[in-house]
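Q: Please read through the structure below; I'll follow up with questions.
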Amino acid sequence: MLGVITPESVTPSDNQGSTHSVHLDLNDTDTDTLSEASQEALDKNLAIVLDGQVLSAPLVKDALSSSPLTLMFETASEAEQVAADLMATTTP
């Protein structure tokens, strides 16, 4: 495992057009953790894991070094499911 982050907020896209995405706001510590992990994972898949289950494993083409972070998905249903799963962990 390269690191653990917990988004401060998760916002699904409005799914208008062909963009299916989820926006994550991270604190500075989590942004640094993700930056380091994504640097080590260049040209590899970086798993998004929740409760031991892989939600998605996108290919990293550039280091992820800023917040907010946008995750892009091929389908609206995949984006909606990941957003719902991640929102469940950020809501007390």
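Each row is one residue, and each column tells you yes or no for (1) under 23 Å from Ala88 (Cα atoms); (2) of a type in the set (Ser, Thr, Tyr); (3) exposed (fewer than 13 other Cβ atoms within 10 Å of the Cβ); (4) touching a Pro at 6+ places or on another chain (Cβ under 6 Å).
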{"residue": "Val4", "(1), (2), (3), (4)": "yes, no, yes, no"}
{"residue": "Pro7", "(1), (2), (3), (4)": "yes, no, no, no"}
{"residue": "Thr11", "(1), (2), (3), (4)": "yes, yes, no, no"}
{"residue": "His20", "(1), (2), (3), (4)": "yes, no, no, no"}
{"residue": "Leu34", "(1), (2), (3), (4)": "yes, no, no, no"}
{"residue": "Gly52", "(1), (2), (3), (4)": "yes, no, yes, no"}
{"residue": "Lys61", "(1), (2), (3), (4)": "no, no, yes, no"}
{"residue": "Ser65", "(1), (2), (3), (4)": "no, yes, no, no"}
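Q: Moving on. Assuming Lys61 fulfils every condition listed in (1) farther than 17 Å from Ser9 by Cα; (2) assigned to a loop (DSSP other than H, G, I, E, B); (3) in contact (Cβ under 8 Å) with a residue 24 or more places away in the chain apart from one, which condition is it?
A: Here Lys61 clears every test but (3).
Q: Right, something else. So how many residues does segment 18-35 have that are outside any helix (DSSP H, G or I), in contact with a strand residue (DSSP E or B) (Cβ under 8 Å, 6 or more places away or on another chain) and farther than 8 Å from Ser67 by Cβ?
A: 5
Q: All but one of (1) modelled with pLDDT under 85; (2) within 16 Å of Val4 (Cα to Cα); (3) hydroxyl-bearing (Ser, Thr, Tyr); (4) in a loop (DSSP other than H, G, I, E, B) hold for Ser67; which doesn't?
A: Here Ser67 clears every test but (1).
Q: Which pairs do you get when a residue that is more than 17 Å from Met72 (Cα to Cα), found in segment 27-53, comes within reach of a residue that is assigned to a helix (DSSP H, G or I), reach meaning Cβ atoms under 8 angstrom, with the pair 6+ apart or on two chains?
A: Going by the 8 Å Cβ cut-off, the qualifying pairs are Leu50/Asp85; Leu50/Leu86; Leu50/Thr89.
Q: Now a separate question. Every residue in segment 36-47 that is in a helix (DSSP H, G or I) and surrounded by fewer than 17 Cβ atoms within 10 Å (Cβ to Cβ), please. Walk me through it before giving the result.
A: We begin by selecting, within segment 36-47, every residue in a helix (DSSP H, G or I); these are 36-40.
Matches in segment 36-47: Glu36, Gln39, Glu40.
Q: All but one of (1) of a type in the set (A, V, I, L, M, F, W, C); (2) under 11 Å from the mean Cα position of the chain (by Cα); (3) modelled with pLDDT of 85 or more; (4) farther than 14 Å from Ala79 by Cα hold for Leu24, so report the exception by its number.
A: Answer for Leu24: the failing condition is (4).
The values are calculated or read from the model by the stated rules, or taken from the named source; none is laboratory data. Note that the coordinates shown come from a computational prediction; the quantities given were computed from them, not determined experimentally. No Cβ is skipped: glycine too gets one built from the backbone with ideal geometry, and neighbour counts run over all protein chains shown.
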